[in-house]
1. Taking only pairs six or more apart or across chains, which ones have beta-carbon atoms under 8 Å, a first residue in the range 14-29 that is basic (Lys, Arg), and a second residue that is part of a helix (DSSP H, G or I) and modelled with pLDDT of 95 or more?
2. Quick one: which of LYS68, LYS45 is surrounded by 12 or more Cβ atoms within 10 Å (Cβ to Cβ) and of a type in the set (D, E, K, R)?
3. Across the range 30-53, what is the number of residues that are of a type in the set (Val, Ile, Thr) and assigned to a loop (DSSP other than H, G, I, E, B)?
4. Which one is surrounded by the most Cβ atoms within 10 Å (Cβ to Cβ), of the residues in the range 72-96 that are of a type outside the set (A, V, I, L, M, F, W, C) and over 11 Å from TYR13 (Cβ atoms)?
5. Looking at the range 52-62, which of its residues are surrounded by 12 or more Cβ atoms within 10 Å (Cβ to Cβ) and either at positive phi or touching a Phe, Trp or Tyr at 6+ places or on another chain (Cβ under 9 Å) (or both)?
6. Which residues, counting only those in the range 30-57, are of a type in the set (Lys, Arg) and without any contact (Cβ under 8 Å) to a residue 12 or more places away in the chain?
Amino acid sequence: MTEQEKKEVMAKYAKKLEATIKTEKAKTMELEDDKFTLKALQEKKQAGAALETTAYESWDTWMAQMEKEIKAGEAALTNIEFKKILLEAVKAYAGV
């Protein structure tokens, strides 16, 4: 593969990175929503409210699921930060 062909491949990869980076705002909003939901669930559990859904066995299982989603959201945002750095390097190499 020639140097020019490598740069063309990397330029295409840069576009994929940019598309992923554009999801940052949506991922941030989703993470904040998950945190809000977890807090609301904790408050309802403490207040002794009845479980409002049959999808979860208990408040604890529902909250555990929300904690997993929060961790996944945080990991996604960390990944996006890495991809921003990678995009800079790819653009520098590809000359785009």
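The values are calculated or read from the model by the stated rules, or taken from the named source; none is laboratory data. In this text the structure is predicted, and so the values were computed from the model without any measurement. Virtual Cβ from ideal backbone geometry, glycine too; neighbours counted across all protein chains shown.
1. Sorted first by the residue in the range 14-29, then by its partner, the pairs are LYS27/GLY73; LYS27/ALA76; LYS27/LEU77; LYS27/ILE80.
2. It is LYS45.
3. Adding up the residues that qualify gives 1.
4. Filtering the range 72-96 for residues that are of a type outside the set (A, V, I, L, M, F, W, C) and over 11 Å from TYR13 (Cβ atoms), the one surrounded by the most Cβ atoms within 10 Å (Cβ to Cβ) comes out as GLY73.
5. Selection gives TYR56, TRP62.
6. Within the range 30-57, just LYS39 meets the criteria.
The rows are residues; the columns are (1) at pLDDT below 95; (2) touching a strand residue (DSSP E or B) at 6+ places or on another chain (Cβ under 8 Å); (3) more than 30 Å from GLY95 (Cα to Cα); (4) of a type outside the set (Ser, Thr, Tyr).
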residue: LEU17; (1), (2), (3), (4): no, no, no, yes
residue: THR20; (1), (2), (3), (4): no, no, no, no
residue: ALA40; (1), (2), (3), (4): no, no, yes, yes
residue: ALA75; (1), (2), (3), (4): no, no, no, yes
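Residue-wise test of (1) in contact with a Leu (Cβ under 8 Å, 6 or more places away or on another chain); (2) β-branched (Val, Ile, Thr).
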{"position": "GLN4", "(1), (2)": "no, no"}
{"position": "LYS12", "(1), (2)": "no, no"}
{"position": "LYS16", "(1), (2)": "no, no"}
{"position": "THR37", "(1), (2)": "no, yes"}
{"position": "TYR56", "(1), (2)": "no, no"}
{"position": "ASN79", "(1), (2)": "no, no"}
{"position": "VAL90", "(1), (2)": "yes, yes"}
{"position": "ALA94", "(1), (2)": "no, no"}
